[in-house]
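Inspection log for the structure reproduced underneath, given as structure tokens.
Every read-out reported here was derived from the displayed coordinates using simple, explicitly stated rules and does not represent laboratory data. Every value quoted in this text rests on a predicted model; they were computed, and no experiment measured them. Don't worry about glycine lacking a Cβ; one is built from the backbone with ideal geometry, like all the others, and counts go over all protein chains shown.
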Amino acid sequence: MNTFVTPELGSFYNFLFIMALIGLVVFVTLYFVDAGYGKMRSEKWGPAINNKVGWFLMEMPVFLVVLYLWEVSPYEVTRHVPYVLFLLIFEFHYFQRSFIFPFLLKGNGKMPIVIMALSVIWNIINGYAQGWWLFHLAPKYVPDMYTEAWVHDPRFIAGVAIFILGWCINMHSDHVIRHLRKPGDTNHYLPKRGLYKYVTSANYLGEITEWLGFAVLTWSAAGFLFFWFSCCNLVPRANSIYLRYEQEFASEFDRKKLKRIIPFIY
């Protein structure tokens, strides 16, 4: 595959590079500042809204942006299986995150509006990056890449397998968290089922695994930016949760066995 870097492609790659640098800043910052949602909820982050509403509003934009870029593509992406599968795989995740996950949340937790707003901005940017590459730039500049043969390419097959593995980890881990307490119980518990036997943020492990799979199955700089940015956001947050659990459940916290997000490693 020979790709001539036109000004349009050059601008897009520059944009991805800048976003990757921003991801690095986010990574370093989150080791010093806890993002104030979920277990790290803090009043210092200002006004907050209901968790369910917050999750819905911050996840829905990326679902809509990618769908819109697919719809307005001037190329025949609807007629080629790889492009259809890219859309379905990406939207499969975000349909669940936008229209199902928020309404499975229990309790009356709050999400700071500023956190929600920052997430909306990132999701719009990420939706643009993925959709613009897959449905506008790739068909125009590398039409020989995502041909019908792409679905038989080892990268696509391996990527789909990794994505499905990550999705299963994510779904099971969310299920474990949701069922830690019985109705009416307000106590806190250390999750111990599934991959929580090995890491304190198994749900984050599942999510970054999903986006590693998506990066591999599209074999794109945009896809790898998404994976990179997911790691930059979730790895330091997993560290914060680990430290919180270590203090909160000191008597049952197995430091030798439990890692933060990667079993046996970190």
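Compute the length gained on full extension between Val81 and Val142: take 0.36 nm times their separation in residues and subtract their Cα-Cα distance, giving the result in nm to one decimal. Please report the intermediate quantities before stating the final value.
On the way: separation 61, 0.36 × 61 = 21.96 nm, distance 1.58 nm.
Length difference between fully extended and current span is 20.4 nm.
Within the chain, which complete DSSP H helices have Cα atoms spanning at least 15 Å along the helix axis and a mean Kyte-Doolittle hydropathy of 1.6 or higher?
Helices meeting the span and hydropathy rule in the chain are 7-29, 81-95.
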### Proximal lysines relative to Lys257, as straight alpha-carbon distance under 24 Å, when same-chain residues fewer than 8 apart are discounted
Lys39, Lys192, Lys197
### Query
Given H placed 1.01 Å from N in the peptide plane, which residues other than close sequence neighbours of Lys259 have an amide H under 5 Å from its amide H?
Val199, Thr200, Phe264
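Once the Cβ-Cβ distance between Leu64 and Tyr13 is put in as r, and R0 is 30 Å, what FRET efficiency do you end up with, to the nearest 0.05? Don't skip to the answer; put the middle values down first.
Working: r = 25 Å, r/R0 = 0.84.
The formula returns an efficiency of 0.75 here.
Grab the other residues whose beta carbon is less than 13 angstrom from that of Thr147, score K and R as +1, D and E as -1, and report the net.
Numbers: positive: Arg79; negative: Glu76, Asp144, Glu148, Asp153.
Overall, the nearby charge balance is -3.
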### Message
If packing is taken as the average number of other Cβ atoms within 10 Å across a peptide's residues, how do 130-142, 106-118, 207-219, 179-191 rank, most packed first?
### Response
207-219, 130-142, 106-118, 179-191
### Message
Whole angstrom only: what separates the Cα centroid of the stretch 226-266 from the Cα centroid of the stretch 78-131?
### Response
24 Å
### Query
Can you sort Cys232, Cys168 by how many other beta carbons sit within 10 Å, fewest first?
Cys168, Cys232
### Query
Expressed as a rounded percentage, what relative contact order does the chain have, with Cα pairs under 8 Å and six or more residues apart?
24 percent
### Message
In the stretch 7-248, if the dipole is taken from +1 on Lys/Arg beta carbons and -1 on Asp/Glu beta carbons about the Cα centre, which of Ile121, His80, Gly107 is farthest to the positive end?
### Response
Gly107
